[in-house]
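Here is the structure we will look at.
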Amino acid sequence: MDFIGRQSQLAELQEHFDHVRDAVGDETPGRCVIVRGRRRVGKSRLAEVFAQRVKAPTVYFTASRAGQLELDHFASDVSNSSLPAAELFRGQRFSDWAAAFTLLNASLSNDEPSVVIIDELPYLIDDFPDVEGALQKIWDRLLSRKPVLLILIGSDIAMMESLSTYGRPFYGRGVEMVVPPLSPRETGHFVRSASSADALDAYLITGGLPLICDEWRAGVSIWDFLDDMCRRPTSPLIVSAERVLSAEFPHEAQARDVLSVIGHGERTFSSIQSRSGLYEMSLSRSLDVLVAKRVISKDLPLTLAASRNARYRINDSYLRFWLSFIGPYLHEIERGRGDRVVERIRAQWPSWRGRAIEPVLREALGLLLPRAGLDAHEIGSFWNRTSDIEIDIVGANRAPLSPAITFTGSIKWRESAPFSPDDLTELRVHTSRLPGVSDDLPTVGISRTGFSTSPDLALGPDDILAAWEDASRV
């Protein structure tokens, strides 16, 4: 697999390693990095590439929900590693993690830096609730006093975030690092897109997941790519989401059902409840689980007035695509009728893409604000209770800044028609009905196919992709 992007994360890990190397001989040269990110974004691959580049003695252990066998697997991985005294683990059997981590300390050099990677840490904590405390105690007493870079990796974002919170054993002991999916710009480089618009289409389908992007051959259109993926029931595009969902919700079938309903396009509490058939309390509990796991977001209209008119959306672009077009029709793919799935995607693609691209474009606009000369503390959208007023983009300042709507915008991500004078007029009419706005707000237009009118800020696919230019040193 090509290794595209991740330069900032590699540089950050290198800085931590350099600190460990330069601190050899100090009282506590060890450093811990807590790495989190969504499943299948390439955290493990990043750690592997980093370890290969620094060429330091390394052990890489991945937990697998194997219960008591995890201790045996850990002993085996260390004994077969390049740590200086790895032979200490040969034939060892441990009754607890404190003993295993104590011997791990003995296998490390006092004079040269080593790397210890523990992947899927949340699995280990699920099986051994005391492992977090055991690691903290050994870290404080022994490991931090060795020149070791300890990298803890996990895909349960909420759990990994909580590791560093006050009251948890590892509070104050590790620095945090987030590994996001590939950006749209990096995705375009990975799949060798012919244009910025094609790169954004590829991002909507793959979600920037490297394993899926790696299947996209140079010069292949999205329809040829989808045709190839849907003809193979075991292709990464088909199986990755199911594996993610099984790992995230092993015992929460109801939450998965609610997620599927949102994936079908239902966005309000009442419409999700109507389609799922759940009682209000049960639905609220499932939505809370999905929000806590960062799988969905609960959005509110961005306005100066209070609102409870929430909408729910799936955060991950690939998962949104899969739940809309792949998951409900796996039976067709499995019986060799992936062509029907692709036909269905073709028919619904323009309308689905128009909605799915909106959060991506708002994120890009947030990155572009300093260059664009616009000011906003946050960027969102607005809709009223009856949805007869909808504004795709709203920029606002809130307390402690002076509360104000600073600009509004419209997204027209159409296949051929440009952003028109009628589109700009509609934006201004809807903006005038926002409470507390002035008459001379700047306007933003974002279009896939150009403009036949002139909003104050006009952005096309090239501008959108350039938003990630500085952060995507591919």
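What ranking do VAL191, VAL220 get, fewest neighbouring Cβ atoms within 10 angstrom at the top? Walk me through the intermediate numbers first.
Details: VAL191 28, VAL220 17.
Ascending Cβ contact count within 10 Å gives the list VAL220, VAL191.
Full-extension gain between ASP140 and ASP214, please, as 0.36 nm times their residue separation minus the C-alpha to C-alpha distance. Walk me through the numbers on the way to the answer.
Working: separation 74, 0.36 × 74 = 26.64 nm, distance 4.11 nm.
Taking ASP140 through ASP214 to full extension adds about 22.5 nm, to one decimal.
Test of understanding: what is the full-extension gain from SER420 to TRP223, defined as 0.36 nm times their sequence separation minus their Cα-Cα distance?
Working: separation 197, 0.36 × 197 = 70.92 nm, distance 2.86 nm.
In short, 68.1 nm is gained.
If each of VAL175 and ALA347 carries a label point 7 Å out from its Cα toward its Cβ, how far apart are those two points in nm?
5.4
If you find the alpha carbon centre of segment 1-56 and of segment 240-286, how far apart are they in angstrom?
36
For GLU161 and HIS377 in one chain, what is 0.36 nm times their gap in residues minus the Cα-Cα distance, to one decimal in nm?
Values: separation 216, 0.36 × 216 = 77.76 nm, distance 2.41 nm.
This chain segment gains 75.3 nm when fully extended.
Angle between the Cα long axis of helix 280-292 and the longest principal axis of the chain, 0 to 90 degrees, nearest 10?
Long axis of 280-292 versus the principal axis of the chain: about 60 degrees.
Nearest 10 degrees is fine. How inclined is helix 69-79 to the longest principal axis of the chain, computing both from alpha carbons?
That works out to roughly 70 degrees.
Testing the spin-label approximation: label points 7 Å from Cα along Cα→Cβ at SER64 and THR234. State their distance in nm.
Output for this residue pair reads 1.7 nm.
Stick to Cα atoms and the Kirkwood definition of Rh, then tell me Rg/Rh for segment 7-178.
On the way: Rg = 14.7 Å, Rh = 15.9 Å.
Ratio of gyration radius to Kirkwood radius: 0.92.
Could you give the semi-axes, largest first, of the ellipsoid that matches segment 234-303, computed as the square roots of 5 times the alpha carbon gyration tensor eigenvalues and rounded to whole Å? Don't jump to the answer; show the numbers that get you there.
Working: eigenvalues 98, 41, 30 Å².
Result for segment 234-303: semi-axes of 22, 14, 12 Å.
Principal axis extents for the chain, Cα atoms only, whole Å, descending order, please.
74, 57, 49
Count the DSSP beta bridges whose two residues both fall in the chain, then state the antiparallel fraction as a percent rounded to the nearest 5.
Numbers: 14 of 43 bridges.
If we restrict to bridges inside the chain, about 35 percent are antiparallel.
Could you pull out which residues in segment 116-136 have an amide N less than 19 Å from a spot 7 Å beyond the Cα of ASP72, following the Cα-Cβ vector?
124, 127-128, by backbone N distance to the label point.
Rounded to the nearest 10 degrees, what's the angle between the helix 131-141 long axis and the longest principal axis of the chain, both from Cα atoms, 0 to 90?
Long axis of 131-141 versus the principal axis of the chain: about 60 degrees.
Would you calculate the separation in nanometres between label points at ASN110 and ARG285, each defined as 7 Å from the Cα along the Cα-to-beta-carbon direction?
Here the answer is 5.6 nm between the modelled labels.
With each run of n ≥ 4 DSSP H residues scored as -39500 (n - 2.57), what mean residue ellipticity at 222 nm is computed for the chain after dividing by its residue count and rounding to the nearest 500 deg cm²/dmol?
Numbers: 21 runs with 212 residues, N = 474.
Computed mean residue ellipticity for the chain: -13000 deg cm²/dmol.
Among MET281, MET159, MET177, MET229, what is the fewest-to-most ranking by other Cβ atoms within 10 Å? Intermediate values should be presented prior to the final figure.
Values: MET281 8, MET159 16, MET177 19, MET229 22.
Ascending number of Cβ neighbours within 10 Å: MET281, MET159, MET177, MET229.
What's the center-to-center distance, using Cα atoms, between segment 190-204 and segment 356-401 in Å?
Between the Cα centres of segment 190-204 and segment 356-401 lies a distance of 24 Å.
Sorting CYS230, CYS213 on the 10 Å Cβ count, fewest up front, what's the list? Don't skip to the end; give the middle numbers.
On the way: CYS230 24, CYS213 27.
Neighbour counts put them in this order, fewest first: CYS230, CYS213.
Here, each number is a calculation from the coordinates, and none is a lab measurement. No experiment lies behind these values; they were computed from the predicted model shown. Counting neighbours? That spans all protein chains shown, and the Cβs are built from the backbone with ideal geometry, glycine included.
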